[in-house]
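A.B. asks: To start, I am sharing the structure in question, which I have written as structure tokens.
All of the numbers you see were taken from the coordinates with simple rules; none came from a lab. A quick note: this is a predicted structure, and the numbers were derived from the prediction, not measured. Virtual Cβ from ideal backbone geometry, glycine too; neighbours counted across all protein chains shown.
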């Protein structure tokens, strides 16, 4: 007897995307509530796409080799590989960034074209502290680089993990309101048997409540 497994997988992917939409709506409502109390609050929201590179921890050398080898064949950009995020400035050059993303993993660690593809759903949500680098390199209204560190939750197939994460990113502002965001981070689980992953993303970012065009320093 032939068993058809397509329907459960489609149902699982739908649930992942529904979680992302619910989270984005919730974060937007929280932002709206706070904005009604203080128009000087500084927020950003964004939406884009993400690529996931699955790997298994094997030391710093393996980490750097995997990240800088320039190989894109093992990147996962399948299904509805969307990412949504909300950022809130805290003080000086520090802000908090909360995001959720979905994908479908078909290429696991050590993937080669000779291997069969897998088919694991991917869902992640995280919260990171972001440090603006403009104070170090000079204030520029259109170029906004940063580094970030934090943690989050991920589920790859049937495996769930809590991760610590660090990375970098940059906003390129076309105006005082709209820009492009790129970000790259590494998500690590301390367990030796856990699955780590790189996540790279690009998307559109919007400023909300920006009465002073996000000139945060000195506040």
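A.B. asks: Rounded, prolate or oblate: which one fits segment 61-208, using the alpha carbon gyration tensor with axes a ≥ b ≥ c (rounded when a/c is under 1.5, else prolate when a/b beats b/c, else oblate)?
C.D. replies: Prolate shape, in that a/c is at least 1.5 and a/b is the bigger ratio.
A.B. asks: Label residue 47 and residue 160 with points 7 Å out from Cα along Cα→Cβ: what is the distance between them in nm?
C.D. replies: In this crude spin-label approximation the distance works out to 2.7 nm.
A.B. asks: So, one more: In percent, what relative contact order does segment 66-174 have, based on Cα pairs under 8 Å that are 6 or more apart in sequence?
C.D. replies: 20
A.B. asks: Let me ask another. Using 7 Å Cα-to-Cβ label points, what is the residue 153/residue 168 separation (nm, one decimal)?
C.D. replies: Going by the 7 Å Cα→Cβ label model, 3.1 nm.
A.B. asks: Ok, one more. I'd like the FRET efficiency for residue 68 and residue 175, computed as 1/(1 + (r/R0)^6) with the beta carbon distance as r and R0 of 45 Å, rounded to 0.05.
C.D. replies: Once rounded, the FRET efficiency stands at 0.85.
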